Amino acid sequence: MTSPVELRQWFDMVDRDRSGAVDSAELQTAMAAAGLHFSLHTAAMMIRMYDRARKGTIDFREFSLLHQFILSVQGSFNVFDGDRNGVLDRIEVSKALNHNGFALDEPAFKAVFESFDPARNGFLRLDDFIAMASFLSASRSMFQAFDFDRRGHVQLDFGQFVYAASHLR
């Protein structure tokens, strides 16, 4: 477990421009140094998950929340990587997602799995799995923003759909 002091030190190293906030390019670089390779698009999505001010950056408190999310997802990955080969197959991914609170029906699972399996080999590496969990977390938040009655169903007009989809890119 990373101590608050260590996390602050890491944040300060990641914040290369000393702005007091981390942007997607800084996050992408820091994650690559930690062995996690994300596209700039994925790093920006991770920033948006915690960027309450909608500035395209996260402060230390938001960075801490993102760190907790990544550790939780990484923990699920490690639990369900039963053969310790560093990848999850479809069944392991399904179990790990359920463990993280993402219960998907088969068509939704198939679609999301295929979109995060870049090699199309039926396996996800840790960074692919974190990217998938980030997408699902952002999707759930967006869905909840439109599910006013908390019934698990939404009705969107085309403009609302475009708004939602553009925030998940």
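The values are calculated or read from the model by the stated rules, or taken from the named source; none is laboratory data. No experiment lies behind these values; they were computed from the predicted model shown. Cβ coordinates were reconstructed from backbone atoms using ideal geometry, including for glycine residues, and neighbour counts include every protein chain displayed. Heads up: the accessible areas ignore ligands, DNA and RNA and are worked out on the full protein's heavy atoms, side chains in. Shrake-Rupley method; radii C 1.70, N 1.55, O 1.52, S 1.80 Å.
Report whether or not F77 is among the aromatic types (F, W, Y), touching a residue at least 40 places away in the same chain (Cβ under 8 Å) and touching a helix residue (DSSP H, G or I) at 6+ places or on another chain (Cβ under 9 Å).
Values: among the aromatic types (F, W, Y): yes; touching a residue at least 40 places away in the same chain (Cβ under 8 Å): yes; touching a helix residue (DSSP H, G or I) at 6+ places or on another chain (Cβ under 9 Å): yes.
Taking the combined requirement at face value, the residue satisfies it.
Of all residues in region 108-161, those that are of a type outside the set (G, A, S), open to solvent by 20 Å² or more (accessible area, probe 1.4 Å) and over 22 Å from R90 (Cβ atoms) total 16. Quick one: V5 ticks every box in (1) part of a helix (DSSP H, G or I); (2) modelled with pLDDT under 95; (3) of a type outside the set (S, T, N, Q); (4) open to solvent by less than 70 Å² (accessible area, probe 1.4 Å) bar one, so which box is it? Condition (4) is where V5 drops out.
Residue by residue through region 81-115, note down the ones that are aromatic (F, W, Y) and at pLDDT 95 or above. If you could, list the steps in order and put the result at the bottom.
We begin by selecting, within region 81-115, every residue aromatic (F, W, Y); these are 102, 109, 113.
Selection gives F109, F113.
Figure legend. Inter-residue proximity from region 134-146: first residues in contact (Cβ under 8 Å) with a residue 24 or more places away in the chain, second residues open to solvent by 60 Å² or more (accessible area, probe 1.4 Å), beta-carbon distance below 7 Å, spacing 6+ or different chains. Indicated pairs: A138/R48; M142/H167. Name every residue in region 64-77 that is under 18 Å from F113 (Cα atoms) and open to solvent by 30 Å² or more (accessible area, probe 1.4 Å), in order of residue number. Q74 - this is the single residue of region 64-77 that is under 18 Å from F113 (Cα atoms) and open to solvent by 30 Å² or more (accessible area, probe 1.4 Å). Scanning region 40-63 for residues that are closer than 20 Å to A131 by Cβ and open to solvent by less than 80 Å² (accessible area, probe 1.4 Å) yields a total of 15. Each residue in region 18-29 was checked for being open to solvent by less than 40 Å² (accessible area, probe 1.4 Å) and more than 14 Å from S64 (Cα to Cα), and 2 of them qualify.
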